[in-house]
Structure formats: C-alpha cells, structure tokens
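In what follows, a single structure is set out as structure tokens and then discussed.
What follows is calculated from the coordinates using simple rules that are stated; it is not laboratory data. Fair warning: this is a prediction, and the values are worked out from it, not measured in the lab. Cβ placement follows ideal geometry from the backbone for every residue including glycine, while neighbour counts extend to all protein chains displayed.
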Amino acid sequence: MDEDSPWRGDEPIDPPAAIEALVWAARACASRYAPRPGDGSIAERQMARMSEAAFPGWFADEVSVAFTQARILLIEADDLMMGMARLMRAMLEEGQGWGVPVLGRSAIEASARAHWLTKRDLSIVERATRAQTMRLLGWWWCLRDEDPSSARSQDLNSRTQDIVDGALASGLSAGPATNNHAAWVGEEPPGFRKSVGLLFDPDPSPYALFSGYAHGGLHALLMGITSKAIPRSSTVMLTFGPTFDEVHSMAAAALMGYWKATQAAFEVLGWNDAEWRAIAKQTLSDFIAWPDGG
C-alpha cells in the first residue's frame, strides 16, 4: 500500500481515517488493473460480445460504456467520501457536522447509480441498455436549461430520437423524453430513492434522513437539537447540530453503500483481489467498532 495511505495494518484507526483508508484501498486496487477488466471476468466476457447489443442508431460499445460510467460514478463517490472524512475530523475538533449527511447523500446516490450499472446478473443487452439510458439521462439534464432552438438542443434531441427508434425497431421497450423525465431504453431507470433502496436491500434505506438534512427539512434538522443545562443556572442552552454519534451512524450508512457498490464493480471487473478485500474488511470493522475499537 502507498506510504501516504491512512492504512496501518492491524492498528485501529478513527472513523475519518477508516473512510480515507477504504477510499485509498479502492483507488489503489483500480490503479493496479485499470483500464482493462481482469482475465476471465464478467466484464471481459461481455465486452468480447458487444456486437450482440449493436442496435440501429446506437454506438457499438455500449457494454464497455456501462463499466466506464460506473467507474466515473465511483470516482465521484471517492471524492465525496474523502470530503466527508475531512468534515468528520473537523467535527471532532470543532463540533459542527451538518455537511456530513449532505456529502453522504451525494456519495450514496453516485454509488447506487454505479451499482445499477454493474450488477453481476445483467445480460449483455441489459447492461448495454442501462448504459444507453444513463447517456440519455445526461443529455436530458444538459438540455433542461438550453434554448430548444439551439443547434445543440436540436442535435441531442435528434440523437435521442434515433436511439429510441433503434430500440423500438429491435423489439426493445423504450420511452420518449418529456418535461418530467428523460428518454429511456430497455427499462425505465429507477429514481435516486429507489436506486438507493436497491443498493441497501434488504437493509432499510437511509435516503430519507440524508435528504432531510440536504434539503433543510425540519424533520431532520430538529433531530439535531440537543439541550444542555448551564451549571448553577436555570437556563437551558440549545445546541443545533447532530452529535458525533449521530454523524457516525449516518457516515456508516454512506460508507457501507460506497463499499457495496465498489465491491460489486470490482467483482464484475475482475479486480476483487486479496489486498483490497483485506483492507476493506479491516477498515469497515474499525469504523463500525468505534469508539470501542480505538
């Protein structure tokens, strides 16, 4: 492992360092193999048969694109998890932790999307259509604030229609873009709430609480009010903000979601090596055991 990594073997580490160590391990594992999938992996076998998902109006490498999209999403989740670790460390020193669930929410959204693309039981066509749907979703978001008469809007709308038409002509299900949702092929993509639920299944999803903090929902924010009696006074001081234990619990959910998505991607890509598994197991154990593990 890189000498700059927070990983210290069997030596217990605090929660922020555990998050950093897990992300470092994921980055190091990817760097050992990327950009190619491992020999004999599901990804390698499906990429060798990409022509089976070459439908009219489509790019020829949609299966490969699915794995690339997943890696981009997990790189985003990497960065968000590292930001969450820095905020947790600052909270230990300064006592403010509002930003942790906000970053955690974004991290599990990215992780859930990556997990949707890299599930091991997807067929070649299913993986290709999910990659194509993610592309269509990206185009739709880009065009929401675009002038409909602009050359860019007309180009992307035309390409979207070609992709939908190609899917329908090949016997696939598809739906057009509307003001409320993007075009899709194969299957309509789950929203963030559902995709996060699928990531955490069968465990309860933490998405509602994360979203409450992220959007300033009072149902979440009021949970972060604590009272403290001032000695030798009848005054009670209200302190706003989640406690470190509450933040630790929410960060644990984000960390588990990130780990599940990364582990699933590494298994499909054939990158699930012994070093990654050992560090992931120990850092997750250190994080969950805190403070008893320290």
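Projecting label points 7 angstrom from Cα along Cα→Cβ for Glu44 and Glu126 puts them 2.3 nm apart.
Counting every other Cβ atom within 10 Å of each residue's Cβ, Thr133, Thr178, Thr243 order from fewest to most as Thr178, Thr243, Thr133.
Arranged from fewest to most other beta-carbon atoms within 10 Å of their beta carbon, His248, His115, His181 become His181, His248, His115. Seen from Gly83, the other residues with C-beta closer than 15 Å to its C-beta sum to a net charge of -1, counting Lys and Arg as +1 and Asp and Glu as -1. Going from the residue with the fewest nearby Cβ atoms within 10 Å to the one with the most, Lys281, Lys194, Lys260 rank Lys281, Lys194, Lys260. In terms of packing, defined here as the mean over residues of other Cβ atoms within 10 angstrom, the peptides 79-92, 101-114 line up highest first as 101-114, 79-92. Any idea what % of Cα-Cα pairs in the stretch 83-160 are farther than 14 Å? The share of Cα pairs beyond 14 Å in the stretch 83-160 comes to 73 percent. Would you mind counting up the charge near Thr68? Only other residues with Cβ under 15 Å from its Cβ, with Lys and Arg at +1 and Asp and Glu at -1. Overall, the nearby charge balance is +2. Ranked by the mean number of other Cβ atoms within 10 Å of their residues, highest first, the peptides 204-213, 150-159 fall in the order 204-213, 150-159. Taking 7 Å steps out from each Cα toward its Cβ at Glu275 and Ala151 produces label points 4.8 nm apart.
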